[in-house]
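Report on the following structure.
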Amino acid sequence: MSDPVKRTNYGPIAFFGLAMALGPLAALSFGTRYADEETWERANAGLESYEPAKPLAEYGPSGENLAIPEYAKNKNVMDLLASAGVFQTFEQAVRAAGLDSKLADSSGYTLFVPSDEAFAHMPEEERNAILTDPKALATFLDSHVIPGRYTATDLINMREAQTLAGASIDVGPSTRYNGHVGIGGAEVIKTDLLASNGIVHVVDRVIR
């Protein structure tokens, strides 16, 4: 028995209405089945001329222009590590390696610090091997410290930096982290914790 009601397929009509509302790039987002040549040309032209918004402004002034706020003037980076409550493993490692006096002096340092949670995610055998071997520990810590004060603004303009031991390490925005800053295979997840003699950035894992 035939259906007495004529049913209209509104799919193509709805698609074209949505494409008109969203503009020419909609054809690329939803697929190319209904895109004509003119739409393709307009969409490609839009993609070619697209420039991502520059994210520098949201990070504030760079290290050399950064004024130390009042709350940080009497707190060095070691004080910051001790008071934060989430960097105990890193702080204890610094003290065990005898690096604490150096990081408490007036020189400028930038630290990339894994949280206690990040250390907990390491294989236990690897973590213990680093923390119980003085030479391995010193090398490990050196890779997390860069001489000088570098804010997030500085980091996103960098491609590499020299660690405390003089080794070169990759640093800067990466597609691996959706454009966020990474360093040595770790993503920077919190930036610009300020101290009188440096800056601490938090990373999501240890730098190997």
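Computed from the coordinates by the stated procedures, all read-outs in this text should not be read as laboratory data. Not measured: the values here are computed from a predicted model. When we count neighbours, we look across all protein chains shown, and the Cβ atoms used for this are built from the backbone with ideal geometry, even at glycine.
Magnitude of the charge dipole for segment 100-208, about its Cα centre and with charges confined to Cβ atoms of Lys, Arg (+1) and Asp, Glu (-1), is about 260 debye.
Report the gain in length on full extension from Asp192 to Lys102: 0.36 nm times residue separation, minus Cα-Cα distance, nm rounded to one decimal.
Working: separation 90, 0.36 × 90 = 32.40 nm, distance 2.02 nm.
The span from Asp192 to Lys102 would gain 30.4 nm if fully extended.
Modelled spin-label separation between His121 and Tyr177, with each label point placed 7 Å from Cα along the Cα-to-Cβ direction: 1.2 nm. Using the charge dipole of segment 58-203 (Lys, Arg: +1 at Cβ; Asp, Glu: -1 at Cβ; taken about the Cα centre), state which of Tyr150, Leu164, Ile68 has its Cα farthest towards the positive end. Farthest towards the positive end: Ile68. Please say if segment 51-208 is rounded, prolate or oblate, where rounded means a/c under 1.5 for a ≥ b ≥ c the square roots of the C-alpha gyration tensor eigenvalues, and otherwise the choice is prolate for a/b larger than b/c and oblate otherwise? Oblate, since a/c reaches 1.5 and b/c is not below a/b.
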